[in-house]
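Reviewing the structure listed below.
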Amino acid sequence: MFREDLLNKCRRGARLEAHDCDIGPECFTNINNSFDTECLPVYIPELFSVVDIAELVALIRARPFATLVSAGPGGLEATHLPTVLKTEGERPALIECHVARANPQWKEFSGGRDALMIFGGLQGYIRPGWYASKGIDGKVVPTWNYAVVHAHGRAVAIDDRAWLDRHVSELTAQQEHDQPAPWATSDAPRSYLEAMLRGIVGIRFEITRLEGKCKMSQNRSAVDRAGVIHGLRARDNAGDADLADLVERVDRARDRG
């Protein structure tokens, strides 16, 4: 555990620039391969909190399309973009991405600026009619199940042709690796690729803190959770089967715990 003075400073760090907080990286801890949850200022009920690094990394890698949010002179700005996560050992350290050169958000990062990246996982509407308790007392309401990771850190703009060339090659390999005939950037004419690179600017995002939330009906009774799983499988909208599997996995993990 951290000393109380460091915990208090870390909590206040949400209102500071990253370079002002000399303990930001200490939010990472090797104890039990997890983050110290006392350093998380965002509201996440303990029942839905995910602090295991491996689970957070798995969601980011499975859902690499993120929303990059920052505050500029004109207010909040957001860009949706694909990402590549870089780790140092088991610790997530960097997220690399790029934006269109015409997108003004990157100019806010020329000297480095605090920002937030949001990675959305599985999600879906949960009907109150799926709960067995509806027929008992009627005290049920609709809700939404979802998994999400928030990455806090410092974004720096990278306007370097070699960096961008490497980045787009890695991003392409990440997305193409499981295809029967993977496409590579080397398949395109070099002159064409150079022209495309001139139209983008890289973003190097240094992670200082990760927050994970997985709301999968943990606050409902066992019979209600079973109803959610059955209801999702019966509805079978896009993603419902995977969401049902996740509710089931969370349920089993809870029983083991």
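The values are calculated or read from the model by the stated rules, or taken from the named source; none is laboratory data. Every value quoted in this text rests on a predicted model; they were computed, and no experiment measured them. We place every Cβ from the backbone using ideal geometry, glycine too, and count neighbours over all the protein chains shown.
Considering only region 126-159, state which residues are under 29 Å from residue 80 (Cβ atoms) and of a type in the set (Ser, Thr, Tyr).
143, 146
Given (1) part of a strand (DSSP E or B); (2) surrounded by fewer than 18 Cβ atoms within 10 Å (Cβ to Cβ), where does residue 205 come up short, assuming only one miss?
Condition (2) is where residue 205 drops out.
Take the residues in region 234-257 that are of a type in the set (D, E, K, R) and more than 28 Å from residue 57 (Cβ to Cβ); name whichever of them is surrounded by the fewest Cβ atoms within 10 Å (Cβ to Cβ).
Among those that are of a type in the set (D, E, K, R) and more than 28 Å from residue 57 (Cβ to Cβ), it is 236.
Within region 102-111, is there a residue that is within 16 Å of the chain's Cα centre (by Cα), crowded, with 20+ Cβ neighbours inside 10 Å and within 27 Å of residue 176 (Cβ to Cβ)?
No, region 102-111 contains no residue that is within 16 Å of the chain's Cα centre (by Cα), crowded, with 20+ Cβ neighbours inside 10 Å and within 27 Å of residue 176 (Cβ to Cβ).
May I ask you to list the residues in region 126-145 that are assigned to a strand (DSSP E or B) and in contact with a helix residue (DSSP H, G or I) (Cβ under 9 Å, 6 or more places away or on another chain)? Full working, then the answer.
Within region 126-145, the first condition is being assigned to a strand (DSSP E or B), and the residues that meet it are 126, 143-145.
Those that are assigned to a strand (DSSP E or B) and in contact with a helix residue (DSSP H, G or I) (Cβ under 9 Å, 6 or more places away or on another chain): 126, 143, 145.
Give me a count of the residues in region 68-87 that are at pLDDT 95 or above and not in a strand (DSSP E or B).
Looking only at that region, the number is 1.
Looking only at region 88-109, count how many residues are part of a strand (DSSP E or B), touching a strand residue (DSSP E or B) at 6+ places or on another chain (Cβ under 6 Å) and among the charged types (D, E, K, R).
2
Specify which of the listed residues (233, 220) is of a type in the set (D, E, K, R), assigned to a loop (DSSP other than H, G, I, E, B), within 30 Å of residue 126 (Cβ to Cβ) and at pLDDT 95 or above.
One residue alone meets the criteria, 220.
Here's a check for you: in region 181-209, which residue that is touching a residue at least 40 places away in the same chain (Cβ under 8 Å) and over 16 Å from residue 97 (Cβ atoms) is farthest from the chain's Cα centre (by Cα)? Spell out the reasoning first.
Within region 181-209, the subset touching a residue at least 40 places away in the same chain (Cβ under 8 Å) is 198-209.
Narrowing further to those that are over 16 Å from residue 97 (Cβ atoms): 198, 208-209.
Details: 198: 28, 208: 13, 209: 11 Å.
The selected residue is 198.
Which residue is nearest to the chain's Cα centre (by Cα), if the candidates are limited to region 44-67 and must be assigned to a helix (DSSP H, G or I) and under 23 Å from residue 176 (Cβ atoms)? Please lay out each step first, then the result.
Initially, region 44-67 is screened for residues assigned to a helix (DSSP H, G or I), giving 46-48, 53-62.
Checking the rest, the ones that are also under 23 Å from residue 176 (Cβ atoms) come to 57-62.
Values: 57: 8, 58: 9, 59: 7, 60: 5, 61: 9, 62: 10 Å.
By that ranking, first place goes to 60.
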